[in-house]
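The values are calculated or read from the model by the stated rules, or taken from the named source; none is laboratory data. In this text the structure is predicted, and so the values were computed from the model without any measurement. Note: ideal-geometry Cβ built from the backbone for every residue, glycine included; neighbour counts use all protein chains shown.
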Amino acid sequence: MTAIHYRAGRIFTAGEPAWAESMVVRGETIEYVGSTAGADRIDAEVVDLGGAFVLPGFVDAHTHLVSMGEALGQVDLFPATSPEDLQRRLARAAAADPDAPRILGRSWLFDALGGRAPDRQLIDAVVPDRPVYLSANDVHSAWVNTAALRELGIDRDTPDPLDGRIGRDESGEPDGMLYESAALQMMRHYLDTQTSDTDRDRALQAAFAQYRADGVTAAVDMALGEVDLAALERALEGGRLPVRVAAHWLIERTGNTRDDLRQVERAAELSARLTGPWLRVTGIKLMVDGVIDTCTAAMKKPFADGSHPGPLWPPEALAPVVAAADAAGLQVAMHAIGDEASDIALSALEHAIEANGPRDRRHRLEHLETVTEENVRRLARLGAVASMQPVHADPAIQENWRAMLGDDRVQRGFPWPEFTAAGAVLAFGSDAPTAPHPPLPNMYIATTRRSALDASLEPNLPEFALPLAEALAHGTRDAAYACRWDGLTGRLAPGLAADFAVLDSDPFEGPDDVLLRARVQRTYVGGEPYPD
Ligand SMILES: [Zn+2]
C-alpha cells in the first residue's frame, strides 16, 4: 500500500511534541509524524500542503446527529429579534411550503420576545390551520400553536408528564408552552412517529456532510434512542461511516427503578455488540436537570423569579441507575447545568465508585454552566470529565440566562479553566442542534469569550478564556479521551487513525478572528479525504 507524505504545511499534533513538519499516512493509519528529513526516508508519494495548517480532526464531544440533520431542514428562528419578526419568518415559511402537513421551527430565543411570554395565540395569528412546533434554542422547551396541541391530544384535562410541564394560562387552558419532558418526550415521541426512516437517513447524512465540511471526524451522540440507532446502523452498511460515532444511550426516567434499570441493560447489550472504530455505544445519558433559560435547572438557591425546581432525577432514583451502569462498565454522562445538579451527579458517582471499586471510568458531567468551586475539585478527584460547549457561552445568548439567575452567580458562568486547574479533563463539543456545530467558531469563543455571531458585544467573563493550543486540544485530544477513543483518534501520532483537517490559514498566526475566517480545505477520516 502506497504511503502519502504530507509536507510543507504547519502541523499541530495536539500531542507531544505539539508541532511537526511532515506526516506520513499509510492506508487508514498515521505511520510517521515529525521532521521532513525523517519522513523523506520513507518511500511515499508526496503531497505538498502549500503552507496550509493541519490539525487532528475535531471530535464533537456532545452532539445529537439526527436532530442536527433534521434542524437543517427546519425554520431557523435564531435570527428573529422580536415577536413580529418571528411571526413574519413563520408566515413566510408556511407560505413557501403550502403542502407540508406541519411546520417545524427551531432555535428561537426567549431574548427575542422582549419580555412577552410565548403563547399559542402568537403563532395562531400567522399559521392557524396547520400544527406548528417550535423548539427553543436549548431544545428543553417547545412552543406550539393550537393545532399542534390538538394533534398531540393535549387539552386542559391532560396531566403534566413525569419531569415535565404543560404551560397553562390563567383559565387552565394549555398556553402553547411545553417544558422539559413535555417537549423532549411527549412532543418528540409524537413527531418521531411522523418521521419516516428515509427522512431520518437523510437527516443523518446531512449532519455527516456538515461535519465533514467543517473539519469534524468523530462525534459523541449524547442521547441515542432506538430510531436514531437504527438509522446509524443502516448508514453503517458497508462498514464505515463518514464520521466516527460513539454514543450514550438515553435513559428516560419511568418512576420505577426496575424499568429504569431495564434501559441500562439495553445499553450494556448494545455496548457489547457495537464495539468497532466507526460506531460504538460507550455509555448512558441521564438528564439530571433542565436549563437556566426556562428556570428548570436544579440550583442551590432560587432563580431571580423565586422559582426553585428540584432535579429531574431525584438522588434516590439516580443512584441505582448510575451504580448499575458503572458496574456494567458503561460510561455515565449526566446533564448537570445547575450547581445543585452537579452536586447530585457527583454524589451518585461517589456512591457507584464506593460500591464497585477503583478502575478507569471516565464518567462525565455535561454542560456544568454553573458549578461551585468545591464541586470542580470534587469532579477532578473522581476522575470525571467536564464536558462543556464554548458556543453556549456566546455573549449573544447570555441576556436571558443572566436575568434568570439575577445575582452574582452569573460571575461563575462556564468557568472552563477551573476544571483543568483542578486536574480534570475538559472535553469540548457543540451540543448541536442547540448551538451551531462548526468547531472553529466554537474555538473562537473558547479563546476570546467573544461572540461568534455579533462582534460588537462585550466578551463574556474574559478571565475564563483559554490559550489556543489548550482549546484545540480540548476539542480533539480530550474529546477523544472522553469517549475512550484516545487510542484511535484525537491526536496526530504514529499508530492512530489518519483523521485530520487541513485549514487554509494558521490560527496561531494573526488575530483571534482568524478562527472565524479560516476555511476547512479538506477533512480526512481514516485517510480518506472529503471533498475528494
Ligand atoms: Zn445535548
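Computed values, structure above
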quantity	calculated
Wholly within region 52-126, strands (runs of 3 or more DSSP E) carrying at least 2 residues that are farther than 20 Å from Gly176 by Cβ, within 16 Å of the ligand (Cβ to nearest atom) and free of Cβ contacts under 8 Å to residues at least 24 places away in the same chain	none
Every residue from region 150-195 that is part of a helix (DSSP H, G or I), at pLDDT 95 or above and among the hydroxyl-bearing types (Ser, Thr, Tyr)	Tyr190
Residues of region 282-308 that turn out to be crowded, with 21+ Cβ neighbours inside 10 Å and part of a loop (DSSP other than H, G, I, E, B), as a count	12
Residue in region 127-149 that is nearest to Arg168 (Cα to Cα), counting only those that are within 16 Å of the ligand (Cβ to nearest atom) and in a loop (DSSP other than H, G, I, E, B)	His140
Subset tally (residues that are farther than 14 Å from Ala501 by Cα and in contact (Cβ under 8 Å) with a residue 24 or more places away in the chain) for region 8-51	22
Residue count for region 211-240, restricted to those that are assigned to a helix (DSSP H, G or I), within 16 Å of the ligand (Cβ to nearest atom) and more than 26 Å from Arg491 (Cα to Cα)	1
Single residue of Ser387, Ser342 found to be in a helix (DSSP H, G or I) and either closer than 15 Å to Lys285 by Cα or free of Cβ contacts under 8 Å to residues at least 40 places away in the same chain (or both)	Ser342
Residue in region 325-335 that is nearest to Ala223 (Cα to Cα), counting only those that are surrounded by fewer than 24 Cβ atoms within 10 Å (Cβ to Cβ) and among the hydrophobic types (A, V, I, L, M, F, W, C)	Leu330
Exclusive hit being modelled with pLDDT of 95 or more and not aliphatic (A, V, I, L, M), set Glu399, Glu350	Glu350
Any pair with Cβ under 6 angstrom, 6 or more apart, that starts in region 422-442 at a residue that is at positive phi and in contact (Cβ under 8 Å) with a residue 24 or more places away in the chain and ends at one that is away from the ligand (no atom under 16 Å from the Cβ) and not β-branched (Val, Ile, Thr)	Gly423/Ala380
Residues satisfying the stated conditions in region 434-455, i.e. at pLDDT 95 or above, part of a loop (DSSP other than H, G, I, E, B) and over 24 Å from Ala209 (Cβ atoms)	Arg449, Arg450, Ser451
The lone exception for Pro436 - which of (1) buried (at least 22 other Cβ atoms within 10 Å of the Cβ); (2) within 26 Å of Ser107 (Cβ to Cβ); (3) under 16 Å from the mean Cα position of the chain (by Cα) it fails	(1)
Matching residues, region 17-28, being assigned to a loop (DSSP other than H, G, I, E, B) and either in contact with a helix residue (DSSP H, G or I) (Cβ under 8 Å, 6 or more places away or on another chain) or at pLDDT below 95 (or both)	Ala18, Glu21
Some residue of region 29-36 being of a type in the set (A, V, I, L, M, F, W, C) and either closer than 29 Å to Asn442 by Cβ or in contact with a helix residue (DSSP H, G or I) (Cβ under 6 Å, 6 or more places away or on another chain) (or both)	yes
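Here is a yes/no grid of residues against (1) more than 23 Å from Glu399 (Cβ to Cβ); (2) among the aromatic types (Phe, Trp, Tyr); (3) touching a Leu at 6+ places or on another chain (Cβ under 9 Å):
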| position | (1), (2), (3) |
| --- | --- |
| Ala96 | yes, no, no |
| Ala117 | no, no, no |
| Tyr133 | yes, yes, yes |
| Val139 | no, no, yes |
| Thr146 | yes, no, no |
| Arg156 | yes, no, no |
| Met186 | yes, no, yes |
| His189 | yes, no, no |
